[in-house]
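The values are calculated or read from the model by the stated rules, or taken from the named source; none is laboratory data. Everything numeric here is computed off the predicted structure, so don't read it as measured data. Cβ placement follows ideal geometry from the backbone for every residue including glycine, while neighbour counts extend to all protein chains displayed. Note: accessible area is taken over every heavy atom of the protein model, side chains too, but ligands, DNA and RNA are not part of it. Shrake-Rupley method; radii C 1.70, N 1.55, O 1.52, S 1.80 Å.
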Amino acid sequence: MNHSLIRKIYRQKDIERIQNKLLLLGSEKKQTPEHYLNIRICTTVLVFLCILYTENLGYIVAPLIAILYYYGFYYVTLLHPIKERGKKLDREALHFFEILTLTLESGRNLENSLEITVCNVDSELSSEFKKALFETKFGKTLIEALEDMKNRIPSETINNIILNITQTDVFGNSILETMYNQIEFLRDKQILEIKGQINKIPNKISIISVLFIVPLILLLVLGPVLLQFLGE
């Protein structure tokens with residue numbers, strides 16, 4: 001299925017939406033929206049045909065399963081990975097920006113500090129900043145590269161930090177003061193997330209109790225009664 005056919009099937013804004021989602025998977029992903037949509041449509045058709053010819057009521061079941069697969073494919077291959085990547089980047093953010101702040105404290109400018117930081121921090125967030133720095137060698141300013149980088153970051157927290165960094169650099173404000181505030185915010189956010197996970201533990205224990213412990217207790221209590229009843 002060629003690109004021109006894909007553009008006839010899908011509206012341009014739908015193709016652009018897929019393109020934006022693919023960018024959020026990271027700079028290492030090189031899939032085009034046309035290629036993604038080709039796979040989505042072709043596999044959906046295959047699922048439809050398989051159900052149609054293998055099930056007795058295939059003409060009824062096949063359309064339903066094909067529709068579920070079509071939207072499920074989008075969730076499994078795009079929405080869920082993007083959500084998980086956002087969580088991963090958030091976990092990496094505090095360490096990365098702490099190292100960046102320490103480098104800035106030595107008196108270096110933002111670009112030099114970023115270069116040193118990405119060389120000493122091995123993470124996916126570091127790789128994205130490394131790509132942004134690489135783009136500055138081909139005509140982009142650092143601010144432009146960082147703005148483009150935001151399109152590849154599925155984290156509102158990190159994008160807000162990048163926005164504050166670029167605005168501080170443009171207006172000549174103290175970038176160290178900005179970084180201190182952002183690191184404090186990241187620490188508070190991390191503490192709140194940990195507290196939230198701790199608060200969920202009683203609910204998880206309750207679910208486990210209902211599913212496993214309560215039936216076991218009932219079996220122990222009612223077991224002798226059942227055995228006596230069956231023995232009669």
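Brief remarks follow.
- Near pairs, Cβ below 8 angstrom, 6+ apart or cross-chain, from the stretch 6-26 (part of a helix (DSSP H, G or I)) to any residue that is among the hydroxyl-bearing types (S, T, Y) and modelled with pLDDT of 90 or more: I18/Y36; L22/Y36
- Test: residue in the stretch 68-76 that is open to solvent by 10 Å² or more (accessible area, probe 1.4 Å), under 24 Å from D188 (Cα atoms) and at pLDDT 95 or above: no
- Of all residues in the stretch 23-41, one or more are surrounded by fewer than 18 Cβ atoms within 10 Å (Cβ to Cβ) and over 23 Å from E84 (Cβ atoms).
- For P154, the conditions (1) farther than 18 Å from S27 by Cα; (2) touching a residue at least 60 places away in the same chain (Cβ under 8 Å) are fulfilled apart from (1).
- Positions within the stretch 72-95 being charged (D, E, K, R) and closer than 26 Å to R40 by Cβ, in sequence order: K83, E84, R85, K87, K88
- Cβ-Cβ contacts under 9 Å between residues 6 or more apart (or on different chains), taken from a first residue in the stretch 128-150 that is under 16 Å from N160 (Cα atoms) and hydrophobic (A, V, I, L, M, F, W, C) to a second residue that is assigned to a helix (DSSP H, G or I) and open to solvent by 70 Å² or more (accessible area, probe 1.4 Å), are listed as I143/D169; I143/V170; A145/F134; L146/D169.
- Selection count, the stretch 141-198, where residues are within 18 Å of the chain's Cα centre (by Cα) and not aliphatic (A, V, I, L, M): 13
- Of all residues in the stretch 44-53, none satisfies being among the hydroxyl-bearing types (S, T, Y), open to solvent by 30 Å² or more (accessible area, probe 1.4 Å) and at pLDDT 90 or above.
- Flag: D90 does not match the condition of being more than 18 Å from L186 (Cα to Cα), assigned to a helix (DSSP H, G or I) and modelled with pLDDT under 95.
- Complete set of residues in the stretch 111-152 that are in a helix (DSSP H, G or I) and among the aliphatic types (A, V, I, L, M): L114, I116, V118, L125, A132, L133, L142, I143, A145, L146, M149
- Selected residue [surrounded by fewer than 18 Cβ atoms within 10 Å (Cβ to Cβ), out of contact with any Lys or Arg (no Cβ under 6 Å at 6 or more places or on another chain) and touching a residue at least 60 places away in the same chain (Cβ under 8 Å)] from L57, L64, L94: L94
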